[in-house]
1. Have a look at 222, 239, 230 and tell me which one the Gaussian network model of the chain (Cα, springs below 10 Å) gives the largest fluctuation.
2. Rounded to whole Å and sorted largest first, list the principal axis extents of the Cα atoms in the range 163-398.
3. How high is the FRET efficiency from residue 198 to residue 278, r the C-beta distance, R0 51 Å, rounded to 0.05?
4. Calculated FRET efficiency, residue 340 and residue 50, Cβ-Cβ r, R0 22 Å, to nearest 0.05?
5. Quick one: 399, 322, fewest Cβ neighbours within 10 Å first, how do they rank?
6. On a 0 to 90 degree scale, rounded to 10, what angle separates helix 79-89 from the longest Cα axis of the chain?
7. For residue 92 and residue 111 in one chain, what is 0.36 nm times their gap in residues minus the Cα-Cα distance, to one decimal in nm?
8. Could you bin all the Cα-Cα distances of the range 34-160 into 5 Å bins starting at 0 and give me the percent of pairs in each, rounded to whole numbers?
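Readers should treat all values here as calculations from the given coordinates under stated rules, not as data from a laboratory. Note that the structure is a prediction, hence the values are computed from the model and not measured. Because the Cβ atoms are built from the backbone with ideal geometry, glycine has one as well, and the counts that use them run over all protein chains shown.
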């Protein structure tokens, strides 16, 4: 009986202690200061405009209980916040230079209120080409209050729409890429934007075999619009689809039957083709969405020695085709990576890029490989080319 009483007493003391601790814990939590947006998401995006234009984002600094007196809270940029964010999300944001972001270093939650709205102003700037920027914010202190560890930080990422001039090509613009030596790739991703329109502006995809890319390599990699494989209900051949010939006929695949999944002339379309050498799997994405996959056999590598673009000649290349943002990666990009970066530039110096042709020069005959790897392209340089000027440079926004 004594033992039972002792246990009951002990349990009672423990319960009181637990309740006291719990009350103390609740008291601390009730008086913590935090960023309310961080309670539901670690980041938000603000879309910035042209260089010099200002954009604004708002965050709310909150207390769970109303302040009895004016309460000062300190707010600052903290690169460590962004470093942790990048690791968690597999991103590579850089900290925005301080001269391009402004917000109050001291936020006052007035007496009788539990919240103060903070305006963060971003001034758009050029920045390093292909680099994404963000403003990593941290509540660094508050009068008489603890800062929430989980919701005391917040990241504002800068979203910038891709706007550029893009060249318009015809059959006599057939071109070859500068290429020294052999590039051996166990994995690869080829991605680009394209827009097709006939010379009269009232149609497109006029003929089969309008070749975009023909790689010189140990395995075939030939990318074109159209082949004689699909027809409409009246037996008329349809060419408004993308076909990729690679690693033998069994691995060839396309964007789908145009009776069901037609590519539309006059519209910009993003394409990405990935190859995984370990499995032999190839996947085709259209506008960031997987549309087909195939397999060319495991344990293969591509040994590439050159590339010809728009080279199928006057018999087949009958439409105007505009192209932009051509990238060859030495990695198998994921669906998420393709969708995330298709409407923005990527970092020019990314070591996983074999070449990167933004095609944003706006004039001239040279399309520059911005990686520094030397894979530049001179318009019209192929044997069946000859015309070293594009048929136009038109500015577009990819959004």
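1. Most flexible of the set in this elastic network: 230.
2. The Cα atoms of the range 163-398 stretch 43, 41, 34 Å along their principal axes.
3. Numbers: r = 42 Å, r/R0 = 0.82.
Result of the calculation: an efficiency of 0.75.
4. On the way: r = 23 Å, r/R0 = 1.03.
Result of the calculation: an efficiency of 0.45.
5. Details: 399 9, 322 22.
Least to most surrounded, the residues fall as 399, 322.
6. Taking Cα atoms only, the helix is inclined about 60 degrees.
7. Values: separation 19, 0.36 × 19 = 6.84 nm, distance 4.03 nm.
Length difference between fully extended and current span is 2.8 nm.
8. The percentages, shortest bin first, are 2, 11, 22, 23, 18, 12, 7, 4, 1, 0.
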